[in-house]
Amino acid sequence: MKKKLVGIIIILIILMNIFSFIHINKNLVNNLLFDKTIVTFVFNEKSNLDENFLNEIGDFSKEKDIEIAQYSFLSGKKIDIYSTMENRYKGMLFIPNLIFNKDIKVHNFKAVYNVGFKNLFYIDTKDKDVINEFAKDFNKYGIIYDLGSKYEGDESFFNNFIKYIDVNFVSVLILFLFIFVLIILFYYLNNKKDYLIYELWGYSKIQIYCILNKILYKTLFITIFACNLVMIGIIYIFNLTSMLFKFIPITIVLNLVVVLLLFLFSVILFALSFANLNNKDEKKRLSKIRFIASLSKFCLILLIILLFKNFSNEKSILKKNQDSLGLWENTENLFNICAMYSPIYEDLALEGEHNDKVLKVYKDLSRLNKVFIINSINFERSRILNPYNEEIDYTYKGNIKNKEDLYSPHGRNIMVDKNYLKRHLIKTSFDKKNVLDKIDYNDDVLNVLVPQKLKKHENTIKKTYREWFYFQKVHVSNMYKEASNQKLSKKKIDDLKINLIYIQNNQAYFTYNSNAGDYLNMVKDPIVTVYTENVDNSILASTLGGAIFLESKNEYSALEEIKNITQRYNVYELNAILSVYDKKGQEISQIEDKIDRLMLNIIIVSVILTLLMIVITYVYYKSYISKIIIKSLYGYNFITTYKDLLLSNLFMYILVFLLLIIIYKKIYIYTVIVTISMLFIDFIIARTVNVVLLNKGEIKFIKGELK
């Protein structure tokens, strides 16, 4: 038994350290990027952000010996870092890029000039004096705001340790600990004779504990030391010494925590396993262990079925997303123009100025036919499980209070611009002409495309859209004008007109939004507001990040094209993009990651459940060992011998099944399959454990060695 214990402990410690090594590296990127103080600029109109500005940033970084960086988040896995200390990343990104398919590149800080400044700077210090000095030295370029850090708090080792721990890590750690506990329990239950001998020789309980567990702790410490030595060697060989000081302390503490927890559990198990050994009522002690194990088993059976339900749903979602991926192939050269955070959004006057600049950028790009708009926020929804279900929980359903609202801007409405209509031909219902020929560009006219089948709601549509048009054109605009002390608009609602353009029925619009539309991301027969720059510019600003799209051959040319325009209007917070195609790919990747996590949890729960099945059978065998062996020698079959255990197992599965029917009020086929499968596995495990135990038990019984 001691040799088996040593072998299992070595394997578990090695696996735990490998998992820790991989997981810590996975979280290393987030900690590297965001465990810094974020400052944002509101640049002056006359600020000249040239190479002198870059040199000043570099000089400050060198003087204070701190890193200053800007990031370009091109997709979920593709990140460009522009750092004043690019050498500090040497080696640290090797493993994340290799194992987790990341594409993180580090550039010299001056290279940011080629892709455009952003208004956010990441400064690698939490020292407020340094941040204040930075703000003082660079206030000539504009107002600087300290946004703090994503990881607030002191720089204690405990806080640094916690940053690398998450739910997945804890769940796997619990699995390792549970296996350790079961191994120790079996080890103790098989050493009752040794315990009694040592007790007979006059050893104290503490001495017996030390003797029995000497091999356990010796194996633990030697294996942990060897694992850490090997990891240090790997880090050194691959020239990853920059991550050595981050990784090694964390893994050492982790191993020490595991050892301390094992010590605690081993003391408790020691007391439970060897308490009242001379007492004849050992069956009652074993029955308590069996009850606790059975209760845990019941909870885990319920949990694993729920996990399988989520797994089935996620697989269905993944398939539908993969089926629709073909429609997204023409988006590989499309990018969302995004806005970095800026404090101007908390000041109406500054926000109004910013919105005016956004319009200028849009106009310049529109003249080049590089951008288009489709805002389908009303049709955003949760993920679709059934592609044939038309009752999708679109956002607009939460906005409407009556049937009329359905035909208002808050109902089945999307917004597009003329550039979208150039790329997606929409024809009128009457003469089958392109709707672009029917658009009225008068500043007081709102153009609305209406499916022919909704003509009976014409009065409602005109009324609600005119009210919306007045609110956005006059009321909202006056809010910004009042904040800026400008002359207010006196325009009245009767001065505004609605140009309804009736189009063919069954027109479908591709949303370019992975969270909007049906399972193919299409919206069928909506009412369409055509954006012609005649409402308040806040409407345009609201499209940033998800509804305004830039065409370019790649992300770097996109950034360069935006930079050439944003620096013209001093609106550097727009120097950020996201790949539309990668956003869809990222959604699929997130679903795949969730499926992987569910699979990991299913495996963990399955392993624990299997071990509990073994424990319950083992304890049942120990409780009725004489009776079981006698029945076996007399030729009784397994079912007859273990009738009580098998019936209790069957009752447990039936109870779980009935509980799930009560919860979901219907029977899912996977519930039946999983329940029957686990019942069968339970039977096989019990039978296998019985065979293994009987082979030893019968021999001991015949020799008279059975206690």
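Observations on the structure shown:
Residues checked against (1) at pLDDT below 85; (2) over 25 Å from the mean Cα position of the chain (by Cα):
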{"residue": "N87", "(1), (2)": "yes, yes"}
{"residue": "D103", "(1), (2)": "yes, no"}
{"residue": "A111", "(1), (2)": "no, yes"}
{"residue": "D129", "(1), (2)": "no, yes"}
{"residue": "N159", "(1), (2)": "yes, no"}
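- Evaluating T566 against the criteria (1) touching a strand residue (DSSP E or B) at 6+ places or on another chain (Cβ under 8 Å); (2) on the phi < 0 side of the Ramachandran plot; (3) buried (at least 22 other Cβ atoms within 10 Å of the Cβ) leaves one unmet condition, (1).
- Any hit, the stretch 485-502, residues being of a type outside the set (K, R) and within 41 Å of the chain's Cα centre (by Cα): no
- Contacts under 6 angstrom Cβ, first residue in the stretch 453-482 being over 27 Å from H354 (Cβ atoms), partner assigned to a helix (DSSP H, G or I), 6 or more apart: H457/Y407; T460/E404; T460/Y407; I461/Y407
- For the stretch 539-560, a residue qualifies if it is within 14 Å of N369 (Cα to Cα) and in a helix (DSSP H, G or I), and exactly one does: A558.
- Pair list, Cβ < 6 Å and 6+ apart or interchain, from the stretch 40-57 residues that are in the same structural domain as N119 (by TED's automatic domain parsing) to residues that are modelled with pLDDT of 75 or more and among the polar types (S, T, N, Q): T40/N119; F41/N119; F43/N570; E45/N570
- Whichever residue in the stretch 1-58 is exposed (fewer than 13 other Cβ atoms within 10 Å of the Cβ) and of a type in the set (D, E) and, among such residues, is modelled with the lowest pLDDT: E45
- Residue match in the stretch 620-643 (condition: surrounded by 14 or more Cβ atoms within 10 Å (Cβ to Cβ), at pLDDT 80 or above and under 30 Å from S312 (Cβ atoms)): no
- Just one of the numbered conditions (1) at pLDDT 80 or above; (2) exposed (fewer than 12 other Cβ atoms within 10 Å of the Cβ) is not true of I676: (2).
Rundown of residues vs (1) touching a residue at least 12 places away in the same chain (Cβ under 8 Å); (2) farther than 27 Å from Q472 by Cα; (3) surrounded by fewer than 19 Cβ atoms within 10 Å (Cβ to Cβ), yes/no style:
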| residue | (1), (2), (3) |
| --- | --- |
| P526 | yes, no, no |
| V530 | yes, no, no |
| E533 | yes, no, yes |
| S552 | yes, yes, yes |
| N570 | yes, no, yes |
| V580 | yes, yes, no |
| E592 | yes, yes, yes |
| I595 | yes, yes, yes |
| L600 | yes, yes, yes |
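- Inter-residue pairs, beta-carbon under 6 Å, first under 15 Å from I461 (Cβ atoms) and without any contact (Cβ under 8 Å) to a residue 12 or more places away in the chain and in the stretch 427-451, second of a type in the set (K, R) and part of a loop (DSSP other than H, G, I, E, B), 6+ apart: none
- The lone exception for I662 - which of (1) out of contact with any Ser or Thr (no Cβ under 8 Å at 6 or more places or on another chain); (2) touching a residue at least 60 places away in the same chain (Cβ under 8 Å) it fails: (2)
- Some residue of the stretch 639-652 being aromatic (F, W, Y) and part of a helix (DSSP H, G or I): yes
The values are calculated or read from the model by the stated rules, or taken from the named source; none is laboratory data. All figures in this text were calculated on a predicted structure; none of them were measured in a lab. With ideal geometry, Cβ positions are generated from the backbone for all residues, glycine too; neighbour counts draw on all protein chains shown.
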